[in-house]
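Let me begin by presenting the structure, written as structure tokens, before commenting on it.
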């Protein structure tokens, strides 16, 4: 089913050039309308109290204090539980990215992705899906899983002495 109105987006980032770039890209699409761009957490929360949006796009720079990186994301999710949040980040640590999703991000996009991938993630979270990641974020996650995985020796064990003899 096609929407009759444009998808309303609010962007939050402390870098004006990023806000301008995202706004330009999404405004060029006939499906999206950038309703607001804010540069800090307080302004975003104030906007969310007065206006509803279809999706919130949050920069990794808008996260909380070093003591609790995800406090702001959790606070925002509590204020707007029905509105999906897409976080765009330059992070590559799979565990931190997973923690971002557990804190309430429905989608994650790398800052190194193209705008088309960003749009794809936004569309997926709008359909109600959660745990959506861009291709680059998926690659970071998969690389961490393969390096964290314990090798399967099929029940065979070897002592250190046997191992050094074979090497």
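Numbers at a glance
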quantity	calculated
√(5λ) per eigenvalue of the Cα gyration tensor, segment 1-48, largest first, Å	22, 14, 5
Whole-number D in µm² s⁻¹ for segment 69-139, Kirkwood Cα-pair radius fed into Stokes-Einstein, 20 °C, 1.002 mPa s	178
Shape call, segment 1-140: gyration tensor on alpha carbons, a/c limit 1.5	rounded
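Every number here is computed from the coordinates shown, using simple stated rules; none is lab data. Not measured: the values here are computed from a predicted model.
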